[in-house]
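The values are calculated or read from the model by the stated rules, or taken from the named source; none is laboratory data. Just so it is clear, the structure is predicted and the values come from calculations on it, not from any experiment. For neighbour counting, all protein chains shown are included, and Cβ atoms are generated from backbone atoms with ideal geometry for every residue, glycine included. Accessible surface is based on the protein model in full, side chains and every heavy atom, while ligands, DNA and RNA are left aside. Shrake-Rupley method; radii C 1.70, N 1.55, O 1.52, S 1.80 Å.
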Amino acid sequence: MRKDFLPFTRPQVTEEDIACVSEVLRSGWITNGPANSNFEKAVAGLSNSNHAVAVASATGAMHILLECMNIGEGDEVVLPSMTWVSMVNMVELVGAKPVFADIDRETMLVTPESVSAVISDRTKMIMPVHFAGVPVDLDGIKAVSKGIPIVEDAAHAVGTYYKGRHIGSDNSAIYSFHAIKNITCGEGGMFVTNDAELEKLMRRWKFHGISMDAFDRENRGRSPQAEVVEPGFKYNLTDICASLGLNQLKRLDEINAKRTQLALKYRELLADIPEIRPLGDPSGYDFTSAWHLFVVRVDTPKIDRDTFMAELKKLNIGTGLHFRCAHLQKYYREKYGYQPGVLPNTEYNSDSICSLPLFPDMTEDDVADVVEAIRTVLA
Ligand SMILES: *Cc1c(COP(=O)(O)O)cnc(C)c1O
């Protein structure tokens with residue numbers, strides 16, 4: 001058994017990252033300023049997007065995006081129940097109805113068919129999730145979208161490519177830089193878009209409803225006379241955080257290459273353990289995964305998922321659960337009266353998945369330790 005605990009994830013923070021953050025701390029300007037602008041430019045560049053707006057979290061971006069798009073009472077947003085529940089919460093909090101598209105049983109991605117099945121004349125936004133770093137079939141979903149705006153939940157997709165194009169190239173998208181994501185700010189997020197009007201609104205809504213122009217952003221602060229156009233929130237990112245994200249982004253290819261190497265090692269070592277089933281790849285389109293997570297299904301009458309996770313922990317192996325489906329959680333279950341069975345593929349995965357350790361500072365030996373512990377638990 002391993003001597004030390006292997007966590008399910010650990011952010012990679014280098015001396016250079018620390019130096020970049022220290023530089024901001026010593027500069028006399030620690031909240032949104034030049035590092036924000038530079039981080040926005042870098043993420044817009046990665047996404048081939050015209051605009052990027054840095055925010056305090058992906059959840060905050062979702063909140064103000066719904067406000068900017070005037071989505072509320074009587075409107076519906078289509079998204080998977082297999083997502084981080086904060087995105088569903090935001091839909092609910094603005095008074096709109098989250099409508100859940102089921103996922104494919106093997107890839108855990110929403111499909112053109114599952115999205116099309118739940119679109120109605122009240123649908124105002126479609127938000128697919130590039131689950132675990134694998135892109136959904138964007139062209140297929142676009143084809144069934146009836147012109148309804150698609151906003152990609154790209155929290156797992158920094159470094160994800162669909163048909164050779166980075167996520168965010170074709171639609172607005174929201175990234176997260178929470179501590180467990182492929183690159184991190186500690187907490188942070190980014191909204192990218194090609195829609196100049198939406199960019200302007202997002203920038204205003206994230207900062208009290210006071211309009212800021214490019215000059216303000218580049219020149220540290222705005223004129224004290226600037227006034228509220230419409231009340232907004234306070235979701236700006238600090239330069240302390242932005243400088244960390246910006247420096248991490250420089251290593252993205254290296255970080256994701258390491259994740260890929262470890263994930264392929266898992267696939268190889270798990271190949272002869274039929275009880276533990278990794279996700280399958282989507283077919284029909286070319287893609288590159290950012291390998292945000294390595295998710296397996298505990299698919300055996302021998303042991304249930306919760307016991308499996310507890311037993312691995314006893315053997316010093318940490319695991320995660322991404323995610324417990326939203327529609328059967330107390331609030332949603334009671335409000336909408338969902339019974340088990342309404343989203344069969346989502347529920348099968350919600351009951352059987354767990355995320356094995358995967359982070360860039362892990363080694364192939366660590367992967368072998370995890371698989372060895374799995375064999376012990378199953379024996
Ligand atoms: C992490 C995550 C979010 C939320 O990101 P925050 O920055 O923590 O608000 C949204 N959607 C998915 C799929 C996530 O994994």
- Query: For D304 and L252, what does the FRET efficiency come to when R0 = 41 Å and r is the distance between their Cβ atoms, rounded to the nearest 0.05?
  - Reply: 0.65
- Item | Among beta bridges that DSSP assigns inside the chain, antiparallel share in %, nearest 5 | 60
- Can you work out the accessible area per residue across the range 215-364, with the rest of the protein chains kept in place, probe 1.4 Å, in square angstrom? 49
- Give the long-range amide H neighbours of E152: residues separated by 5 or more places, or on another chain, with amide H under 5 Å away, using H modelled in the peptide plane at 1.01 Å from N. S172, A173, I174
- Query: Which angle from 0 to 90°, rounded to the nearest 10, does the C-alpha axis of helix 58-68 make with the longest principal axis of the chain?
  - Reply: 50
- Stokes-Einstein diffusion coefficient of the range 287-365, Kirkwood radius over Cα pairs, 37 °C, 0.692 mPa s, in µm²/s: 227
- Message: Suppose the chain between Q12 and R165 were pulled fully straight at 0.36 nm per residue; how much longer would it get relative to their current alpha carbon spacing?
- Response: 52.5 nm
- Item | Peptide ranges 309-318, 257-266 listed from the most packed, as the mean C-beta count within 10 angstrom indicates | 257-266, 309-318
- Using a ≥ b ≥ c from the Cα gyration tensor of the range 1-76 (square roots of the eigenvalues), is it rounded, prolate or oblate, where a/c under 1.5 gives rounded and otherwise the larger of a/b and b/c decides, a/b for prolate? oblate
- Non-local residues with an amide H under 5 Å from the amide H of F294, with H modelled 1.01 Å from N and Pro and chain starts lacking one, are L356
- Hey, can you rank 194-200, 10-16 by average C-beta count inside 10 Å, highest first? 194-200, 10-16
- Message: Using alpha carbons only, how many angstrom separate the centre of the range 82-149 from the centre of the range 342-379?
- Response: 26
- Task: Evaluate the relative contact order of the range 1-127 (contact order divided by residue number), counting alpha-carbon pairs under 8 angstrom at least 6 apart; express in whole percent.
- Result: 19
- the chain: Cys lacking any partner C-beta under 4.7 angstrom: C20, C68, C325, C354
- Task: Please turn the phi angles of the range 195-203 into ³J(HN,Hα) values with the Karplus equation 6.51 cos²θ - 1.76 cosθ + 1.60 (θ = phi - 60°), one per residue in order, whole Hz, x for glycine and proline.
- Result: 9, 4, 5, 5, 4, 4, 5, 4, 5
- For the chain, longest principal axis from Cα atoms; helix 252-270 axis from its Cα atoms; angle between them, nearest 10 degrees, is 20
- Compute the Kirkwood hydrodynamic radius of the chain, taking the inverse of the mean of 1/r over all pairs of distinct Cα atoms, and give it in Å to one decimal. 21.5
- In sequence order, calculated HN-Hα J values of the range 19-30 (Karplus, 6.51, -1.76, 1.60; Hz; x Gly/Pro): 5, 5, 5, 4, 4, 5, 4, 7, 6, x, 9, 10
- What angle do you read, to the nearest 10 degrees and between 0 and 90, between the alpha-carbon axis of helix 364-378 and the longest principal axis of the chain? 50
- Note on the structure: As a Kirkwood estimate from alpha-carbon pairs, the range 228-379 has a hydrodynamic radius in angstrom of 18.3
- Over 30 Å (Cα to Cα) among K3/K265; K124/K234; K200/K250; K181/K302; K314/K335 -> K181/K302; K314/K335
- In whole Hz, with x marking every Gly and Pro, tabulate ³J(HN,Hα) for the range 148-161 from phi via Karplus 6.51 cos²θ - 1.76 cosθ + 1.60, θ = phi - 60°. 5, x, 9, 10, 7, 7, 9, 4, 9, 10, 7, x, 9, 10
- Would you check the accessible area of S120, probe 1.4 Å, heavy atoms only, in square angstrom rounded to 10? 40
- Item | Contour excess over end-to-end distance, with Cα ends at D351 and V229 and 0.36 nm allotted per residue | 39.2 nm
- Task: Evaluate the relative contact order of the chain (contact order divided by residue number), counting alpha-carbon pairs under 8 angstrom at least 6 apart; express in whole percent.
- Result: 24
- Task: Rounded, prolate or oblate: pick one for the range 36-120, where a ≥ b ≥ c are the square roots of the eigenvalues of its C-alpha gyration tensor, a/c under 1.5 means rounded, and failing that, prolate if a/b is larger than b/c, else oblate.
- Result: oblate
- Interchain or long-range residues, amide H under 5 Å from V99's placed H: V77, V78, L79
- Of the residues G209, P274, L198, the Cα lying farthest along the dipole of the chain towards its positive end, which is defined by charges on the beta carbon of Lys, Arg, Asp and Glu, belongs to G209
- Task: Let me know the shape class of the range 74-150, please: from the alpha-carbon gyration tensor, a ≥ b ≥ c as square roots of the eigenvalues, rounded when a/c is under 1.5, otherwise prolate if a/b is greater than b/c, or oblate.
- Result: oblate
